[in-house]
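Undergrad: Dropping a structure here in structure tokens format, bear with me for questions.
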Amino acid sequence: MNNASEFEKAVAIVKEKAIEGQKTVNGQNNVEGPKAVPGQKAVSDQKVVHDQPVFDHQDIAFFKKTLDILKRDYGNVLGQNLKIDMQRGKPCVEQLELANEMLDWNSAPFKCEDGTESRNYGGDLCGIPECRKLFADLAGVKRDNVLISGNSSLSVMYDFIVKAMLLGVYGAEKPWLKYPGKLKFLCPSPGYDRHFKVTEVLGFDLVTVRMNPDGPDMDEVERFVNCDDSVVGIWNVPKYSNPEGITYSDNVVKRFAALKPKADGFRIFWDNSYFCHDLYEEGDVLLNLLEECKKNGNENMAYIFLSTSKITFAGSGVSVAIASESNIKHIKSQIATQTIGPDKINQLRHARYIKNAETLKKIMMSHAAIIRPKFECARAVLEEEFSENGLCQWNNPRGGYFISLNAPDGCATRAVSLAAQAGVLFTGAGSTFPYKKDPNDRNIRIAPTVPSVAEISEAIKTLSLCIKIAYLEKQSGSLVI
Ligand SMILES: Cc1ncc(COP(=O)(O)O)c(C=O)c1O
């Protein structure tokens, strides 16, 4: 892009004026300029100073001239008729192909380990024994802690919340809906938009909790959970979080396990969807929440969820709920009126395909070989575009499905919209926060798994150009393109 040096000059002017402005206000220079730190763990931990620099006519004229150059480049991008979708964390076709052998098992024996005929009604409502055992071993829990369900773990989470609202949870006096006043659900943010939406449509007040580099701000979590009896749940993606790729530290997990909720029916929703989704041979290690809860006499407080959507087929996987034996028995009794039985054929396929931890590791490394170059390409372009000027911050995930990018404050909505007009789609700005409202309008979620490496390079260059345009429009007070 031929705009590079002019743009760098424009950013330098903004920074200089910001420092001058700060000097005028405080009588000294105490400004820490925004820096890009490739490889950092958490975007939300970046300290970015939000100054309102004062520009003179010459500055504004230079911004406008630079903006014209950027807009010319943007016009060229429009002419390319790009069509690149980076909105959702989906496996690409090559990843789906990896599990095709599961579909070739026409002659498979249909009997489960315990003699249950998989094609018929019947069998344990919690799932077939070999599938329960597989996921119990993978999660480091007992078979009786495991309930296997249909293809969507999100719908299981939704279902558990509705059950808690209407029927109550194990050991609590009354269903959530019988509690006085409006119920609250804590939402560590940036977080997973579909989690937030579930609790929004079910009528909860969504409370944003800040994400630190090692997980949610536990001082805030403890303050809410231990002191407010209207707080009945909290969302978590504890490993390779969506979107920041953070894995919670041991200390954070231990503090979760030691919570003393004011509401007796409080539950931690621990969506460990990315439990095995390492991008590199050596993955992050997450402490076993159920085990830690047990140590604190809190074993009924945790609902843990796993999903095979990004291990086998996103549309035809199995989902897994893990909880104390008492919780599982209680939920099983509720499920008994809901279904005659789960899809046992699919459970059988999954147990036979995934087999054990060793085979799973091989499967996940095959996925990583396909998607790791895509993550690395996206990060390389971001570094090229922003490491000098320090305009954006992004994470460097070691697993999961997302890269989280922080644009300059107030620029995400405009940049995502400009990119969409150019045919490059990102998740809507704001989506990673409750009610889709990013207080800083800066977070952009990048899902790099579906497009090819060449498309990702094009898409991230386009996004970078759109961020630069949004930034200069803001500085020059011009919003017209
Ligand atoms: C954190 C998280 N949980 C759950 C899901 C959806 O899982 P499932 O397909 O099992 O409903 C996703 C999908 O992107 C996700 O990112």
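The values are calculated or read from the model by the stated rules, or taken from the named source; none is laboratory data. Values in this document were obtained by computation on a predicted structure and should not be read as measured data. When we count neighbours, we look across all protein chains shown, and the Cβ atoms used for this are built from the backbone with ideal geometry, even at glycine.
Undergrad: Do we have any residue at all in the stretch 204-211 that's under 25 Å from Ala172 (Cα atoms) and within 14 Å of the chain's Cα centre (by Cα)?
TA: The answer is no, given that none of the residues of the stretch 204-211 is under 25 Å from Ala172 (Cα atoms) and within 14 Å of the chain's Cα centre (by Cα).
Undergrad: Could I ask something else about it? Can you tell me which of Leu103, Leu147, Leu134 is within 16 Å of the ligand (Cβ to nearest atom) and either part of a helix (DSSP H, G or I) or closer than 26 Å to Tyr192 by Cβ (or both)?
TA: Step by step, each of Leu103, Leu147, Leu134 is checked, and only Leu147 is within 16 Å of the ligand (Cβ to nearest atom) and either part of a helix (DSSP H, G or I) or closer than 26 Å to Tyr192 by Cβ (or both).
Undergrad: Give just the number: which of (1) of a type in the set (D, E, K, R); (2) in contact (Cβ under 8 Å) with a residue 12 or more places away in the chain; (3) surrounded by fewer than 18 Cβ atoms within 10 Å (Cβ to Cβ); (4) within 18 Å of Leu465 (Cβ to Cβ) does Glu384 not satisfy?
TA: Only one criterion in (1) of a type in the set (D, E, K, R); (2) in contact (Cβ under 8 Å) with a residue 12 or more places away in the chain; (3) surrounded by fewer than 18 Cβ atoms within 10 Å (Cβ to Cβ); (4) within 18 Å of Leu465 (Cβ to Cβ) is unmet by Glu384, namely (2).
Undergrad: So, one more: So in the stretch 54-113, with the set limited to residues that are closer than 22 Å to Ala378 by Cα and touching a strand residue (DSSP E or B) at 6+ places or on another chain (Cβ under 9 Å), which one is surrounded by the most Cβ atoms within 10 Å (Cβ to Cβ)?
TA: Filtering first and then ranking leaves Met86.
Undergrad: Please enumerate the residues belonging to the stretch 1-27 that are modelled with pLDDT of 65 or more and of a type in the set (A, V, I, L, M, F, W, C).
TA: Within the stretch 1-27, Phe7, Ala10, Val11, Ala12, Ile13, Val14, Ala18, Ile19 meet the criteria.
Undergrad: Would you say Thr432 is in contact with a strand residue (DSSP E or B) (Cβ under 9 Å, 6 or more places away or on another chain) and outside any helix (DSSP H, G or I)?
TA: yes
Undergrad: Conditions first: (1) out of contact with any Ser or Thr (no Cβ under 8 Å at 6 or more places or on another chain); (2) within 16 Å of the ligand (Cβ to nearest atom); (3) more than 16 Å from Tyr303 (Cβ to Cβ). Phe275 passes all but one, so which condition is the exception?
TA: With respect to (1) out of contact with any Ser or Thr (no Cβ under 8 Å at 6 or more places or on another chain); (2) within 16 Å of the ligand (Cβ to nearest atom); (3) more than 16 Å from Tyr303 (Cβ to Cβ), Phe275 is out only on (3).
Undergrad: Mind listing whichever residues of the stretch 289-316 are crowded, with 20+ Cβ neighbours inside 10 Å, within 16 Å of the ligand (Cβ to nearest atom) and either of a type in the set (Lys, Arg) or over 18 Å from Ala172 (Cα atoms) (or both)?
TA: Leu289, Ile304, Phe305, Leu306, Ser307, Thr308, Ser309, Lys310, Ile311, Thr312, Phe313 - these are the residues of the stretch 289-316 that are crowded, with 20+ Cβ neighbours inside 10 Å, within 16 Å of the ligand (Cβ to nearest atom) and either of a type in the set (Lys, Arg) or over 18 Å from Ala172 (Cα atoms) (or both).
Undergrad: Among the strands (runs of 3 or more DSSP E) confined wholly to the stretch 160-245, which include 2 or more residues that are within 16 Å of Tyr303 (Cα to Cα) and more than 16 Å from the ligand (Cβ to nearest atom)?
TA: Strands (runs of 3 or more DSSP E) meeting the threshold: 231-236.
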